[in-house]
1. Of everything in the range 76-99, what is under 17 Å from Leu4 (Cα atoms) and open to solvent by 40 Å² or more (accessible area, probe 1.4 Å)? Give them in sequence order.
2. Run Gly26 past the list (1) more than 16 Å from Asp112 (Cα to Cα); (2) of a type in the set (Gly, Ala, Ser); (3) open to solvent by 40 Å² or more (accessible area, probe 1.4 Å) and report the number of the one that doesn't hold.
3. Which pairs do you get when a residue that is within 20 Å of Gly56 (Cα to Cα), found in the range 34-46, comes within reach of a residue that is of a type in the set (Lys, Arg), reach meaning Cβ atoms under 8 angstrom, with the pair 6+ apart or on two chains?
4. Starting from the range 100-112, take each residue that is in contact (Cβ under 8 Å) with a residue 24 or more places away in the chain and list its partners that are open to solvent by 60 Å² or more (accessible area, probe 1.4 Å) and in a loop (DSSP other than H, G, I, E, B), counting only C-beta distances under 8 angstrom and pairs at least six apart or across chains.
5. Within the range 29-40, take every residue that is open to solvent by 10 Å² or more (accessible area, probe 1.4 Å) and modelled with pLDDT under 95 and give me the one that is nearest to Ser108 (Cα to Cα).
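The values are calculated or read from the model by the stated rules, or taken from the named source; none is laboratory data. Just so you know, these numbers come straight off a predicted model, no measurement behind them. Cβ coordinates were reconstructed from backbone atoms using ideal geometry, including for glycine residues, and neighbour counts include every protein chain displayed. The area values use the complete protein model at the heavy-atom level, side chains included, leaving out ligands, DNA and RNA. Shrake-Rupley method; radii C 1.70, N 1.55, O 1.52, S 1.80 Å.
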Amino acid sequence: QVQLVESVGGLVQAGGSLRLSCAASGRTFRRLYMGWFRQGSGKEREFVAAISWSGGNTNYADSVKGRFTISRDNAKNTVYLQMNSLKPEDTAVYYCAASVVVGRREDSREYDYWGQGTQVTVSS
């Protein structure tokens with residue numbers, strides 16, 4: 001059993017930055033693959049970014065590549081999503097996800113544990 005607790009999101013103006021964090025408990029963080037997904041109003045949940053156990057491998061959706069950075073601090077059992085150059089299209093509820101084993105990292109069905117989600121709103 002793994003519990004994921006996400007930081008509070010926020011309201012940001014277009015072009016601004018925001019960092020989300022997700023703290024994991026219930027299992028050794030080092031052994032978890034971590035990912036971020038988001039779901040906008042009226043949209044399906046979509047992949048944002050993922051990171052391997054060691055942090056040596058990352059993967060991003062094309063829509064956020066070059067703007068978002070995923071990282072992890074295993075000593076703090078925490079994964080981060082640094083979001084820069086935010087656009088109104090980034091407005092969504094952001095979910096932290098984790099799994100012991102992940103085959104296709106961008107597939108939400110590969111993840112076993114989920115946070116409650118945090119709202120990020122980007123104004124024009």
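1. So the first thing to find is which residues in the range 76-99 are under 17 Å from Leu4 (Cα atoms), and the list is 76-81, 93-99.
Within the range 76-99, Lys76, Asn77 qualify.
2. Evaluating Gly26 over (1) more than 16 Å from Asp112 (Cα to Cα); (2) of a type in the set (Gly, Ala, Ser); (3) open to solvent by 40 Å² or more (accessible area, probe 1.4 Å) leaves (1) as the failure.
3. Met34/Arg72; Gly35/Arg105; Phe37/Arg45
4. Here the result reads Val100/Arg27; Val100/Asp112; Ser108/Arg45, each pair linking the range 100-112 to a residue that is open to solvent by 60 Å² or more (accessible area, probe 1.4 Å) and in a loop (DSSP other than H, G, I, E, B).
5. Tyr33
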